[in-house]
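A.B. asks: Here it is, the structure in full.
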Amino acid sequence: MERQPGQANIFASASDMRSAGQQAVARDLQHMRNKMANTEEYMCALAIRGVLTYSVDEEDHFQITYGKPGGHTYALAAGQVWDHADPLVPRPEEDILTANQLVNDATGMNITDAIMDGATAKALRKVMVKQGTNLLDISNLSVGAITISAAIGTSGAKFFGTLAGVRLWEYSRTVKVNGVSTALIRPKYVEFVTASPEAENIMYYGSITDWDVPGGLFVGERFTKSWIEKDPSVLVHLAQTRPLPVPRRPDTTVSAQVLT
């Protein structure tokens, strides 16, 4: 066992070595959990756009089209973009209402959240400041206990107000995809979503074949197991998951390019 960073004792006792080993295992397991969570989030980000493409070297390659209506993905006209030279020209509130009308006409539901990257959120805030619009829609507040929450959640999402009854989120997080840093929310776009049970956004998990499971088939979110190799003595951990996000009502989302 190698000496770990921060380990106080130069000459480690047996107890120190066991503790260091347990910490190393815990870090490895957390790394595996993070990679699986990142993959699921990236797949969800693609599902919102309407097409999920999966490609891994020497493994599976496939593409799923969810049937999102073509009219639910569009770009604003040059005279309406949020980064217009004259910040008094754009009408973000109308743009949100337009997106909401698309969803309402198709499903009878309303969008609840708008998610965008940092540059898009900055452009929106600039327009709102110049136009003197308050991004906290007090007519949308519920009477009750007041909770002061962190500006940035543990996921990295930043809530910065409501407009036209829709919650606004800035989310600039990236994940590694085949070694390349990739934005979860694509630049220049706002992803409008309906975060309600009626939208039927579901995460399915495929079964996993493994003879260590009774019957040889595991059905669940994540399958894990560990074993010891004899010579040299090595503890091996394995974790498998087969997620597939499915927006069963793809017409409850709208993707709008709002910047040039």
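No lab work stands behind these numbers, since they all come straight from the coordinates. Given the structure is predicted, the values throughout are model-derived calculations rather than measurements. Here the Cβ positions follow ideal geometry from the backbone for every residue, glycine too, while neighbour counts run over all protein chains shown.
A.B. asks: In nm, what is the difference between 0.36 nm times the number of residues separating residue 240 and residue 178 and their Cα-Cα distance?
C.D. replies: Values: separation 62, 0.36 × 62 = 22.32 nm, distance 1.80 nm.
Full-extension gain reported as 20.5 nm.
A.B. asks: Next question. Taking the Cα centre of the chain as origin and charging only Cβ (+1 Lys, Arg; -1 Asp, Glu), how large is the dipole, in debye to the nearest 20? Don't jump to the answer; show the numbers that get you there.
C.D. replies: Values: 24 positive and 28 negative charges, 113 e Å.
About 540 debye.
A.B. asks: Where in segment 74-109 does the amide nitrogen come within less than 11 Å of the point 7 Å from the Cα of residue 186, taken along Cα to Cβ?
C.D. replies: In segment 74-109, the label zone of residue 186 (backbone N under 11 Å from the point 7 Å along Cα→Cβ) covers 74-75.
A.B. asks: Using label points projected 7 Å from each Cα along Cα→Cβ, tell me how many nm separate residue 73 and residue 200, to one decimal.
C.D. replies: My value for the distance between the label points is 2.1 nm.
A.B. asks: Turning to a different aspect of this structure: Under a GNM of the chain (C-alpha, springs under 10 Å), which listed residue has the highest mean-square fluctuation: 239, 26, 119?
C.D. replies: In this elastic network of the chain, the residue with the biggest mean-square fluctuation among 239, 26, 119 is 26.
A.B. asks: On a 32 Å Cα-Cα criterion, which of the cross-link pairs 176/230; 188/225; 68/225; 130/176; 68/122 come out too long? Don't skip to the answer; put the middle values down first.
C.D. replies: Details: 176/230 34 Å; 188/225 43 Å; 68/225 38 Å; 130/176 37 Å; 68/122 28 Å.
Result: 176/230; 188/225; 68/225; 130/176 exceed 32 Å.
A.B. asks: Can you give the extra length, in nm with one decimal, that the chain gains between residue 130 and residue 36 once fully stretched, where that is 0.36 nm per residue apart less the Cα-Cα distance? Present the calculation step by step, with values, prior to reporting the outcome.
C.D. replies: Values: separation 94, 0.36 × 94 = 33.84 nm, distance 4.23 nm.
Separation in residues times 0.36 nm, less the Cα-Cα distance, equals 29.6 nm.
A.B. asks: Would you list 260, 252 from fewest to most Cβ contacts within 10 Å? Before the final figure, lay out the partial values.
C.D. replies: On the way: 260 11, 252 28.
Least to most surrounded, the residues fall as 260, 252.
A.B. asks: With the chain treated as a Gaussian network of Cα nodes joined by springs under 10 Å, which of 87, 187, 214 yields the largest mean-square fluctuation?
C.D. replies: Fluctuation is largest for 214.
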